[in-house]
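The values are calculated or read from the model by the stated rules, or taken from the named source; none is laboratory data. Since the structure is predicted, the reported quantities are computational estimates derived from the model, not experimental observations. With ideal geometry, Cβ positions are generated from the backbone for all residues, glycine too; neighbour counts draw on all protein chains shown.
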Amino acid sequence: MASNSSTARNDFFKELKPRCVAINNLTVRASDKRANAKDLINVVEDLSTILDRQISTDETVLDEKLADYIFFPLSNILRNQQEYPIRLTELTIRCLRILIHYGWKAKIPTELSQQLLIFLTFIIGGIPGQERKDQVPEETELEALKALTELIKATGSSLAGAAALVDANAIPALGHAITVILDSITDGKTPDIRLEGLRALDALLVAIRDQTALATFLPGIVSSLSRLLTPPAAYKHQRRVLVGGINAMKDVLTKVLGDIKVMGIIKKQATGVSENTSESKVLSPSWLKATVSKVKLALASVLKLRNADSDDIRVALEKLCISLLDECHESLAECVSILVESAMMLANEEKEKSFFETSLVDLARIYPELGDTIKTTVYNWVTSLPRIVQSSDDRIKQQAIRNLIKGQHFITTLQIDSSILDDSLAASLRDSTTALVLASKPSGLSELAPDAIELNMDVVRRDGPDTFPPILIAQETEKSTRTALLDLISKVGSSSQQGKLADDLLAYVRDSTGPSQVVSYWLAFELVKSSLSQSSDLDDFLDLSSANGVTDENEPIFQELYSFSVAVLDSQAEAEEVDWRLQALALEVTTFAASRMKENFRPELIDVLYPITTFMGSGVPKLRDHAIISLNSIATACGYSNVTDLIIENVDYMVNSVSLRLNTFDISPASTQVLRMMIRLTGPKLIPYLDDVIASIFAALDNYHGYSLFAESLFSVLTEVVQQGARSDHLLLDEVKSSAKDHKKALQEIATIDNLYDILSSRIEKQEKRQLEELGHEKIESHPERPWKEINSTTSETNEDEEEPSTEVEKLPPPKTPTFKILTRITDLTQHYLTSPSPTLRKSLLNLLTTVCPALSPDEDAFLPLVNSIWPVLVERLYDSEPFVVFSACKALATLCRGAGDFLSTRIKTEWWDKLGGWCRKIKADATQSSNKGKSKTKANRDDKQDRDILIPVRSGNGVEGKEPGKAVEAVPSTGLGRFTQAAQTWEAVQELLVAIVSFVQIDDDIFDQILLLLADTLRTNREAKAALEAVDPDAVWLLMYERGMIEPMEKPTLPGVAFVSLWNT
């Protein structure tokens, strides 16, 4: 080993010698030093490379003797460094750093260390009192700081070197070095320079072992570090620089002001004893008091970094606080409050603490006074929360809430009980949340009138949302604040403490109004949920099933909360001024109760199902969404497959609730809305149960028929009943369905040869019989002289029974189904309201008739009397002043014709000659006039030009002659802009009515001819009208179309031996 080490040393020396000699020659013997600077830089750089390579290979080869050998030529460069480029100085300092760290180490000569200390501080900071001419490059300054750090470490590692640092003669140089280091920390050009300055400061704190010297330099060090770490300027520095500064602050304070270091001073301060030694002049009670006050100010500035986002900075600050509370507990007693508050804010409960790592909880158990400080701090946070949450900065709000969460964690962990703190917490939560709610911006969704809501039952489905959207602090920008607040509520004390807070808030809810009531209600609900959740978790962990009679202490509080919620739901009709958010929270509480009780919640549906369903007709969109989610969740919790099954199974409760309100005339838009929703949700199944409700609606209509909007609301329910009842499979009995008639007129079959033969044969037989009677060949008997019965008894005795009068009882008509009876009653009621002044009600009733007539028409015994009742008022609606009512009247009459058939023949005949015929002609004339006005002149010219050479054959006395299209047919066009005019649309509705009359009702020929003329212009395009008219009189239709040129000429048939007459001029 020795031979190998000697060999390596010799080899290393062989490499060093030529470079050292060259450096010496270039620095000593050269007359022009600047001329040789380039060669000197290359040699020194080569030397630095050799040193680095050797260090990486075997650093033990380099000892203090080789270090002296290498330093000798380099000292010439340092001696004349002002005459050389700064790059050469930088390379020399790099070599010097290696020599100090690996060569001299603790054996560096004292004089040399002092000279190098002065030299390096001059390189970094310049000569004191003189302005620097040339700026030192960043690389050179960084290299000088690294060398200075190694020099201080090497010097302080020996007793002699450490004593030399604080020698009276060396103090000025040491002070200047500290100043330079602190300047590089606070004003360094780069983060690397600041970090290296911090490393140099750490080395100094280790190297200086004299407490008096450290105390002397403490104010300057603390002041510079405070400048570095005080926000907002601190945020300009890199994170690693700030972490290094915090650690340096911790080291210097614990090293100088640690309780062990100043124990003697503290005792003197307690006993009042003073000493006149030289050391006591510095380390005196007055010095300690003054220093602590300044340190407190510095810590107040530095600890503002606790709001930083960086985890590294927060961890470093927490260690600073814990270290000072532990090691400087007595000396920094004045700083305890700020240190405890900061340590609580910086605590991270989620991070796993090391078993050997001291925490604030550990210190609080060691020092009881810290527990009081923690309680005071939490109380201050609680009382200041309502003020802080009014800030416009969300970060400040969230930070305050998070601090309170951490404070509650410490209170719970340390088992600190305080009734004052509990009372103030409930008030603070209420006031803070109220302030957040009042500051929250409204959603911007305006409320809708209940009668303007169009129900859409598609939203009530299983795949819809199953969680309630927030109603308080609900904006997206407030999401983080809301999350933090909910986290605070869930972590407020133990389960019993949460229950007590909820109980206090419930008492406040019953006696308050406005936003504070809503907030208290919400807080109580969240606290109860959290407490019950904690109890459930504990029950899962501990099996307490054997403990009979043990109940959750928070269960009565939840029952009280649920009772209040049911009262809120049930009072919606009486209290229109109730805040909708209170009702939404009641829905959430009820749904939560259902989720806990599962199928045991079914009896509660008697009280809550109808009010919840009523909210689906609310004018507030968010309240409607809450009701939908609540219904879905309750249906799932109670074991129903969907909401429809939920309502069907509890329809008796629902119907009773509605009927009671109708009977007491406690009718609101919500009542009718919920009834519509029930009917639409359940479909035809519910109709048979609604006989009492329908009767109550009829009674309400009798009492309030003068209120159009109210009547419309009630008839909207009846319309829903009709729509659902018409789709019922149990509306009609099977025998009634099978006897249904089709009143549509069919085209007569074409006569065949056999038909003609039968007709002629019957006529011949009649003629022959008449001739025989005239010739007397047939004996004509006189009237009988005895009863017919005696005559017939001789021929056939079996006819006696047939002659006996029938004793069979006439068969009664089949009974009506409940659904049929309800629809019949509703249909009969419409006649009294078709004259209502409200046009929308009139239209609604006409649509109702359009829906119900096809459903009732199969049972003619019941349907035809209804037709007789409603006909007079229904036909009058054709002449209504509102066009949309006329449209609906045409559709309703067309449906009536389809269902009643020839029963309307006389009525239509009478109405046609009285008014209907002239009205139809007027409607057509208005449509034609509107169409002609709507045509543009350009289109007319273009159409004339295109049709100029086209002739349509028209029959005349001389055969067929051509006629211009404009003169041949004067029709109402079905295309173009004119089709969308009011007159054209009215005419289209009238055409549908006329087609229905011809198709299903037997009419006179005169009326048929007039209808044919009215529809003549549309026969070419309206196939339905043409087919209906041809079913009655195809010849008349053909003749009209032939006369108007609508039939294309047929080719003249050819047959051998037959000459056909020419009907067409070709």
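List of remarks:
- Within the option set ASP68, ASP46, ASP63, being over 21 Å from ALA144 (Cα atoms) and among the acidic types (Asp, Glu) holds for one residue only, ASP63.
Residue by residue, here is whether (1) out of contact with any Lys or Arg (no Cβ under 6 Å at 6 or more places or on another chain); (2) free of Cβ contacts under 8 Å to residues at least 24 places away in the same chain; (3) hydroxyl-bearing (Ser, Thr, Tyr); (4) not in a helix (DSSP H, G or I) holds:
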{"position": "LEU74", "(1), (2), (3), (4)": "yes, no, no, no"}
{"position": "GLN82", "(1), (2), (3), (4)": "yes, yes, no, no"}
{"position": "THR89", "(1), (2), (3), (4)": "yes, no, yes, no"}
{"position": "ARG97", "(1), (2), (3), (4)": "no, no, no, no"}
{"position": "SER113", "(1), (2), (3), (4)": "yes, no, yes, no"}
{"position": "LEU117", "(1), (2), (3), (4)": "yes, no, no, no"}
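- Qualifying residues in the stretch 337-388 (those that are among the polar types (S, T, N, Q) and not in a helix (DSSP H, G or I)) - the one nearest to the chain's Cα centre (by Cα): ASN348
- Here is the figure for the stretch 113-135: residues that are crowded, with 19+ Cβ neighbours inside 10 Å and β-branched (Val, Ile, Thr) total 3.
- Any hit, the stretch 994-1003, residues being more than 57 Å from the chain's Cα centre (by Cα), farther than 29 Å from VAL1061 by Cα and at pLDDT below 85: no
- Flag if LEU538 is more than 30 Å from LEU646 (Cβ to Cβ), modelled with pLDDT of 85 or more and either in contact with a helix residue (DSSP H, G or I) (Cβ under 9 Å, 6 or more places away or on another chain) or crowded, with 21+ Cβ neighbours inside 10 Å (or both): no
- The stretch 999-1012, residues that are in a helix (DSSP H, G or I), over 17 Å from TRP919 (Cβ atoms) and of a type outside the set (Asp, Glu): SER999, PHE1000, PHE1008, LEU1012
- Subset of the stretch 645-658 that is touching a Lys or Arg at 6+ places or on another chain (Cβ under 9 Å) and of a type outside the set (Asp, Glu) - its residue that is nearest to ARG602 (Cα to Cα): ASN650
- When SER418 is tested against (1) over 40 Å from the mean Cα position of the chain (by Cα); (2) crowded, with 18+ Cβ neighbours inside 10 Å; (3) within 25 Å of SER520 (Cβ to Cβ), just one condition goes unmet, and that condition is (2).
- Take the conditions (1) modelled with pLDDT under 90; (2) over 21 Å from ILE313 (Cα atoms); HIS237 misses just one of them, which is (2).
- Residue that is in contact with a helix residue (DSSP H, G or I) (Cβ under 8 Å, 6 or more places away or on another chain), crowded, with 18+ Cβ neighbours inside 10 Å and either on the phi > 0 side of the Ramachandran plot or assigned to a helix (DSSP H, G or I) (or both), where the choices are SER869, SER888: SER888
- Complete set of residues in the stretch 624-639 that are among the hydroxyl-bearing types (Ser, Thr, Tyr) and surrounded by 20 or more Cβ atoms within 10 Å (Cβ to Cβ): SER630, SER633
- Of the numbered criteria (1) buried (at least 19 other Cβ atoms within 10 Å of the Cβ); (2) in contact (Cβ under 8 Å) with a residue 40 or more places away in the chain, the one PHE601 fails is (2).
- Single match in LEU214, LEU195, LEU242, LEU205 (criterion: touching a residue at least 24 places away in the same chain (Cβ under 8 Å), in a helix (DSSP H, G or I) and in the same structural domain as LEU339 (by TED's automatic domain parsing)): LEU242
Here is a yes/no grid of residues against (1) part of a helix (DSSP H, G or I); (2) buried (at least 19 other Cβ atoms within 10 Å of the Cβ); (3) touching a Lys or Arg at 6+ places or on another chain (Cβ under 7 Å); (4) in contact (Cβ under 8 Å) with a residue 40 or more places away in the chain:
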residue	(1), (2), (3), (4)
ILE152	yes, yes, no, yes
ALA160	yes, no, no, yes
ASP167	no, no, no, no
THR179	yes, no, no, yes
GLY220	yes, no, no, yes
LEU225	yes, yes, no, yes
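- Given (1) part of a helix (DSSP H, G or I); (2) surrounded by fewer than 19 Cβ atoms within 10 Å (Cβ to Cβ); (3) at pLDDT 80 or above, index of the condition GLY966 fails: (3)
- Check on ILE648, over 26 Å from the mean Cα position of the chain (by Cα), among the β-branched types (Val, Ile, Thr) and assigned to a helix (DSSP H, G or I): yes
- For the stretch 406-457, filtering for residues that are in a helix (DSSP H, G or I), among the charged types (D, E, K, R) and at pLDDT below 85 leaves 3.
- Looking only at the stretch 853-866, and only at residues there that are of a type in the set (Gly, Ala, Ser) and part of a helix (DSSP H, G or I), the one that is farthest from LEU731 (Cα to Cα): ALA862
- Meets criteria (at pLDDT 90 or above and either within 24 Å of ILE822 (Cβ to Cβ) or buried (at least 17 other Cβ atoms within 10 Å of the Cβ) (or both)) for TRP919: no
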